[in-house]
1. Report, in debye and to the nearest 20, how large the dipole of the chain comes out about its Cα centre when Lys and Arg carry +1 and Asp and Glu carry -1 on their Cβ.
2. Using a Förster radius of 30 Å, what is the FRET efficiency between residue 88 and residue 49 based on their Cβ-Cβ separation? Nearest 0.05, please.
3. Calculate, in nm to one decimal, what residue 16 and residue 74 gain on full extension: separation in residues at 0.36 nm each, minus their alpha carbon distance.
4. Solvent-accessible area per residue for the chain at a 1.4 Å probe radius, Å²?
5. Looking at region 17-89, which chymotrypsin sites (Phe, Trp or Tyr not before Pro) are in a loop (DSSP not H, G, I, E or B) and have at most 12 other Cβ atoms within 10 Å?
6. Of all trypsin sites (Lys or Arg not before Pro) in region 5-89, which ones are in loop regions per DSSP and have a Cβ with at most 16 other Cβ atoms within 10 Å?
7. Find the relative contact order for the chain and round it to a whole percent, using C-alpha pairs within less than 8 Å whose residues are 6+ positions apart.
8. Between (i) 36, 22, 17; (ii) 31, 29, 21; (iii) 98, 31, 16, which entry matches Cα extents along the principal axes in Å as derived from the coordinates of this structure?
Amino acid sequence: MFGTQSYLEFTPAYIVHKDGLFRPKQAFAAQDIAALELVPQQLRVQLKEGTTYAMSLRQVKGARRKRLMREQVRSFASKHDIALRDTQA
């Protein structure tokens, strides 16, 4: 979604985030996610174990890309029955 060095990907069972060159990928399995929260410039992933990860969305440019990203988050959450809080609406 972001480009070649940083990206956010929604697969059927995972959310994969990479925050730049030489940074490791973070993969979050849908079965381990308790809640998702969309706040301005961030996607927060709360895992069932209690850990929360904040992913920067600053690299998502343009209204169309931001809308597409929000739709993907909503679709992923509804498909896997994950609580979603969207403060950007």
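1. Numbers: 15 positive and 8 negative charges, 92 e Å.
My answer is approximately 440 debye.
2. With R0 = 30 Å, the Cβ-Cβ based efficiency is 0.70.
3. Numbers: separation 58, 0.36 × 58 = 20.88 nm, distance 1.55 nm.
Extra length available between residue 16 and residue 74 comes to 19.3 nm.
4. On the way: 5640 Å² over 89 residues.
About 63 Å² of surface per residue is accessible.
5. Values: sites: 22, 28, 53, 76; in loops: 22.
In loop regions of region 17-89 (DSSP not H, G, I, E or B), the sparsely surrounded chymotrypsin sites (Phe, Trp or Tyr not before Pro) are 22.
6. Numbers: sites: 18, 25, 44, 48, 58, 61, 64, 65, 66, 67, 70, 74, 79, 85; in loops: 25, 48, 58, 61.
Sites meeting the loop and neighbour criteria: 25, 48, 58, 61.
7. Working: 134 pairs, mean separation 22.4, N = 89.
25 percent.
8. (ii)
The values are calculated or read from the model by the stated rules, or taken from the named source; none is laboratory data. Every value quoted in this text rests on a predicted model; they were computed, and no experiment measured them. Ideal geometry is used to build each Cβ from the backbone, glycine not excepted, and the neighbour counts take in all protein chains shown. Surface areas here come from the heavy atoms of the whole protein model, side chains and all, with no ligands, DNA or RNA. Shrake-Rupley method; radii C 1.70, N 1.55, O 1.52, S 1.80 Å.
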